[in-house]
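Novice: The structure is given below, and queries will be raised subsequently.
The values are calculated or read from the model by the stated rules, or taken from the named source; none is laboratory data. Quantities reported herein were computed from a predicted structural model and do not represent experimental measurements. When we count neighbours, we look across all protein chains shown, and the Cβ atoms used for this are built from the backbone with ideal geometry, even at glycine. Each accessible area value is taken on the protein alone, full model and side chains, heavy atoms only, with ligands, DNA and RNA left out. Shrake-Rupley method; radii C 1.70, N 1.55, O 1.52, S 1.80 Å.
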Amino acid sequence: MAKEIERKFLVRGDHWRDSVSERLILRQGYIASMADRSVRIRLTNDTKATLTIKIGKAMTRDEFEYEIPVDEAEELLETAIGLVIEKTRHKVQFKGFTWEVDVFRGAHRGLVIAEVEMDDESDNPELPDWIGREVTGEYRYSNQALATQFEQEYDELSHTA
């Protein structure tokens, strides 16, 4: 069983763009969504597809990920609950950690969130100066909520750090 340990932040400004090492175009949706678990379908650059099961609500969650055929992912996304999230993920290296800066398109245009994955909850990555308010554990900033509770949550989201 894999563990996902991550912290999530709003982003200030865009000078992080100077350090981007990789860009990925993502489309993802949820075919099952409960308070403490989800089943996500993700297409990356329209060439790779994964089905991911996540269980848990805290900084550390159980995560199971499986590659699936792209055509099946496309079909499953048509059945997604709520919105299909569209975003560009920018990978940025900073002081020994890989930061993933997600710039949302579509319904969540203007929202920019950075995540850093860690090996252990006790890891304490140095925060780049473009990192804003921490939103780790705030459900409304989870991709699951952004997809499945858009109409309920959109007005409450802060797009600024």
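Novice: Tell me, which residue of the stretch 128-145 that is small (G, A, S) and surrounded by 14 or more Cβ atoms within 10 Å (Cβ to Cβ) is farthest from A114 (Cα to Cα)?
Specialist: Ranking the qualifying residues of the stretch 128-145, first place goes to A145.
Novice: Could you give every pair whose Cβ atoms fall below 6 Å, whose first residue belongs to the stretch 89-104 and is touching a residue at least 60 places away in the same chain (Cβ under 8 Å), and whose second residue is open to solvent by less than 30 Å² (accessible area, probe 1.4 Å) and aromatic (F, W, Y), counting only separations of at least 6 or pairs across chains?
Specialist: Pairs found: V92/W16; V92/W99; V101/W16.
Novice: Over 12 Å from the mean Cα position of the chain (by Cα), in a strand (DSSP E or B) and either under 20 Å from E65 (Cβ atoms) or touching a residue at least 12 places away in the same chain (Cβ under 8 Å) (or both): which single residue out of R17, R23, R40 fits that description?
Specialist: The unique qualifying residue is R23.
Novice: Going by the structure shown, is V70 in contact (Cβ under 8 Å) with a residue 24 or more places away in the chain and open to solvent by less than 60 Å² (accessible area, probe 1.4 Å)?
Specialist: yes
Novice: Still on this model: Please verify whether T50 is surrounded by 13 or more Cβ atoms within 10 Å (Cβ to Cβ) and hydroxyl-bearing (S, T, Y), treating the condition exactly as stated.
Specialist: Against the criterion (surrounded by 13 or more Cβ atoms within 10 Å (Cβ to Cβ) and hydroxyl-bearing (S, T, Y)), T50 qualifies.
Novice: Another question, if that's okay. Can you tell which of V112, V92, V70, V116 is β-branched (V, I, T), within 25 Å of I31 (Cβ to Cβ) and at pLDDT 95 or above?
Specialist: Exactly one residue qualifies, and that residue is V70.
Novice: Looking at the stretch 1-14 only, could you name the residues that are in a strand (DSSP E or B), open to solvent by 30 Å² or more (accessible area, probe 1.4 Å) and either more than 27 Å from D120 (Cβ to Cβ) or not charged (D, E, K, R) (or both)?
Specialist: A2
Novice: Quick one: G96 ticks every box in (1) surrounded by fewer than 12 Cβ atoms within 10 Å (Cβ to Cβ); (2) touching a Lys or Arg at 6+ places or on another chain (Cβ under 6 Å) except a single one, so which number is it?
Specialist: Every listed condition holds for G96 apart from (2).
Novice: Give the residues of the stretch 73-82 that are surrounded by fewer than 14 Cβ atoms within 10 Å (Cβ to Cβ) and touching a strand residue (DSSP E or B) at 6+ places or on another chain (Cβ under 7 Å), sorted by residue number.
Specialist: Listed by number, the list holds a single entry, T79.
Novice: If you check R105, R89, R61, which single one turns out to be over 24 Å from K3 (Cα atoms) and touching a strand residue (DSSP E or B) at 6+ places or on another chain (Cβ under 7 Å)?
Specialist: R105
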